[in-house]
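Please treat every number below as a calculation from the coordinates, not as lab data. On a predicted model such as this, the values are computed, not experimentally measured, just so you know. Every residue, glycine among them, receives a Cβ derived from its backbone with ideal geometry; neighbour counts consider all protein chains shown.
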Amino acid sequence: MAEEPCQCSDCQRFYKEHDRLIREFPTFKQQQELNWVSIQSFRTLCTKITDEFQRQLIERESNRDSSLEEHISDTEITEALDELESVNAYLYSIEALMERIFDIKISNNIESKFKEIANELAPDPLNMDRLILNRLFHQTPDSPDKNNIN
């Protein structure tokens with residue numbers, strides 16, 4: 001018997017995002033590109049934050065005598081820089097693996113199979129038939145819809 005998926009809000013948000021990404025990017029090529037862009041945007045953001053924190057530490061060191069406003073402590077920034085260096089190293093490793101995935105090309109026939117399976121895995125939640133079916137499944141005896149049926 002299959003185990004029920006977790007119903008916590010974090011998992012539900014993950015499932016919803018998972019299905020959305022399958023629906024919106026249903027081909028092999030689109031998934032390749034999506035993953036590449038995701039890694040690149042994460043690296044860009046981490047690098048920008050790293051640069052900003054390094055700049056702040058240098059600026060604070062040169063302005064020790066003045067009262068430079070410090071919302072984040074030097075220790076917190078230093079710890080974050082160490083962690084971000086690790087994250088960037090991992091992201092570079094993932095990028096190297098992703099380059100291997102980009103070497104793989106598949107035919108249009110296989111791409112259409114990806115689209116077909118994507119529709120089965122993550123059907124459009126706003127599809128009219130699905131909305132009607134969900135509404136029928138979720139009606140309760142005291143629901144206004146049930147009370148108006150004669």
Taking the Cα-to-Cβ direction at Leu81 and at Ile94 and moving 7 Å from each Cα, how far apart do the two end points lie in nm?
2.4 nm
Report the full-extension gain for the segment Lys29 to Gln54: residue separation times 0.36 nm, less the Cα-Cα distance, to one decimal in nm.
5.3 nm
Note: probe point = Cα of Glu116 + 7 Å toward Cβ; backbone nitrogen < 18 Å; residues of the stretch 1-35 passing the test are 23, 26-29
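For the stretch 20-105, what Kirkwood radius comes out of the mean inverse Cα-Cα distance, in Å? Display every interim value, and only then the final one.
Working: mean 1/r = 0.0651 Å⁻¹.
Hydrodynamic radius (Kirkwood, Cα only) of the stretch 20-105 equals 15.4 Å.
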Treating each Cα of the stretch 17-58 as an identical point scatterer and ignoring solvent, apply the Debye formula and state log10 I(q)/I(0) at q = 0.22 Å⁻¹.
-0.71
